[in-house]
Structures are given as structure tokens and as C-alpha cells.
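My questions will all concern the structure given below.
The values are calculated or read from the model by the stated rules, or taken from the named source; none is laboratory data. Given the structure is predicted, the values throughout are model-derived calculations rather than measurements. No Cβ is skipped: glycine too gets one built from the backbone with ideal geometry, and neighbour counts run over all protein chains shown.
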Amino acid sequence: MTACSRCCVGVVLLLAAAALVAAQRRRDPLTPPEIDQIRDASWEPRERLKLYVEFARARLVKLEQMRADPKTKDRPQQTHDLLDDFQLLYDELNDNIETYVDRKDDIRKPLKFIIEADNEFQAKLRALKDAADVKPEESRQYEFVLSNALDTLDTSVEDHKQLLVDQEDQAKHKKLNRNPSAGTGVSPE
């Protein structure tokens, strides 16, 4: 093995180790009961999508409560963590939407619910971004994750609206799977 080859192998191993450490630090934004609820709704896209919306909403409610409590310790870090959890849940929501669209499942009802939630989430995050009582040194600790969440929401709102239009059109032509658990080998109890 040449010196160059050993160096490349060393770099690859170093990058792999760094990725492993980063993955270990990432915590799951879902609690064990929430994981159970998601698992129980795995056969039903409509329920699963609603759960992700509810869990994302719960993180924003918790964020508002935490920020309103003057006794909160390490408020910037807690704000960052809750925003990160929200972002992870919202990304998972979008991943699930994509999966159901690829399978041609009829998700028009949950999409309407999601679009309403999108608007609510945008308002709450914009209120946090525009809060006048936040010191600049505090907001710097979470401004990146807040900006990412807002960017994701801004894009997703338009995507979700267009997807609803597309689904309505597909439904007119009977191109949607109205029974999402059919053919999956999974059925409701």
C-alpha cells in the first residue's frame, strides 16, 4: 500500500468516525409513547400524517411555554433544541408525504389539515423571529435552526398546496389508492 493510499484510507476512516459521532449525538425528537403511536398508525397514512402534525405542534407549544416562563434556565439552548426537534419532525412529515404520493395514496384530507398547520407553524416561527424582547446574543444561538425551519415551511406550504391540487385532479381520474393498507399485508385490527 502506498503512502497516498494509506492517507486516503485514513481520511475515509476519520470521516466515518466523525459521522458516527454526529449520529450518536442526534437524539430522536419523538418520545417512546409517540414512537408507539406512529408505529400503530403505520398502516394508515391519514392517521400517521396527523400524528406528525400534532407532534410538531406540541414542540412549538412547549417552546412558547418555555419562553414565557421567566425561570427557564438556558433558554437559548432549549429554544434551539425544540426548534431542531420541530424541524426533524416536520422533515419526517414531508418524507412520509412523499412516500404516500409515490404509492399514489389518497391523502387529500390530511393535506388540508397539514396546510392549515403549515400556516399556524409559520405564524408561530415568524413571531419568534420578530420577537422584540430577545437579546441578539440569545437569538444568535438558535437563528440558524429557526431560519432553516422557516425556509422549509415556506417551501412546503407551496408544495403541499400544489400536491393537494394534483391529488384532486388524480382523484377525478380515479388514479389514487383510496385504501392505503390494501396490498401491504398490513390491516387495521
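Tell me yes or no: at least one residue of region 131-146 is in contact with an Asp or Glu (Cβ under 7 Å, 6 or more places away or on another chain), under 19 Å from Leu30 (Cα atoms) and surrounded by 17 or more Cβ atoms within 10 Å (Cβ to Cβ).
The answer is yes; a qualifying residue exists.
While we're looking at this one, here's another question. If you scan region 95-107, which residues turn out to be among the acidic types (Asp, Glu) and either out of contact with any strand residue (DSSP E or B) (no Cβ under 9 Å at 6 or more places or on another chain) or exposed (fewer than 13 other Cβ atoms within 10 Å of the Cβ) (or both)? Write out each step before concluding.
Kept after step one, since they are among the acidic types (Asp, Glu), are these residues of region 95-107: 95, 98, 102, 105-106.
Scanning region 95-107 gives Asp95, Glu98, Asp102.
So which residues in region 106-135 are assigned to a loop (DSSP other than H, G, I, E, B), within 25 Å of Leu49 (Cα to Cα) and hydrophobic (A, V, I, L, M, F, W, C)? Outline the logic, then answer.
If we filter region 106-135 for residues that are assigned to a loop (DSSP other than H, G, I, E, B), which is where we start, we get 106-107, 130-135.
Next, only the ones that are within 25 Å of Leu49 (Cα to Cα) stay: 106-107.
Within region 106-135, Ile107 is the sole residue that qualifies.
Counting residues that are basic (Lys, Arg), surrounded by 14 or more Cβ atoms within 10 Å (Cβ to Cβ) and at pLDDT 95 or above, which helices (runs of 4 or more DSSP H) fully inside region 1-94 reach at least 3? It would help to see each step written out before you state the result.
Details: elements: 3-25, 32-40, 45-68.
Of the helices (runs of 4 or more DSSP H) lying wholly inside region 1-94, those with at least 3 residues that are basic (Lys, Arg), surrounded by 14 or more Cβ atoms within 10 Å (Cβ to Cβ) and at pLDDT 95 or above span 45-68.
Tell me, please, whether a residue that is in contact (Cβ under 8 Å) with a residue 24 or more places away in the chain, buried (at least 17 other Cβ atoms within 10 Å of the Cβ), of a type outside the set (Asp, Glu) and under 30 Å from Lys172 (Cα atoms) can be found in region 118-129.
Within region 118-129, none of the residues are in contact (Cβ under 8 Å) with a residue 24 or more places away in the chain, buried (at least 17 other Cβ atoms within 10 Å of the Cβ), of a type outside the set (Asp, Glu) and under 30 Å from Lys172 (Cα atoms).
Output the qualifying pairs, or none if there are none: Cβ atoms under 6 angstrom, residues six or more apart or on different chains, first residue in region 63-78 and more than 19 Å from Val145 (Cα to Cα), second residue among the hydrophobic types (A, V, I, L, M, F, W, C) and surrounded by 12 or more Cβ atoms within 10 Å (Cβ to Cβ).
Within 6 Å, the pairs are Thr72/Met66.
From the list Ala131, Ala149, which residue is out of contact with any strand residue (DSSP E or B) (no Cβ under 7 Å at 6 or more places or on another chain), modelled with pLDDT of 95 or more and not hydroxyl-bearing (Ser, Thr, Tyr)? Before the answer, list the steps.
Working: Ala131 fails: modelled with pLDDT of 95 or more.
When all the criteria are applied, what remains is Ala149.
Let me ask something additional. Kindly indicate the residue of region 136-180 that is out of contact with any helix residue (DSSP H, G or I) (no Cβ under 9 Å at 6 or more places or on another chain) and part of a loop (DSSP other than H, G, I, E, B) and also nearest to Leu93 (Cα to Cα) among those meeting that condition.
Applying the filter and picking the extreme gives Asn179.
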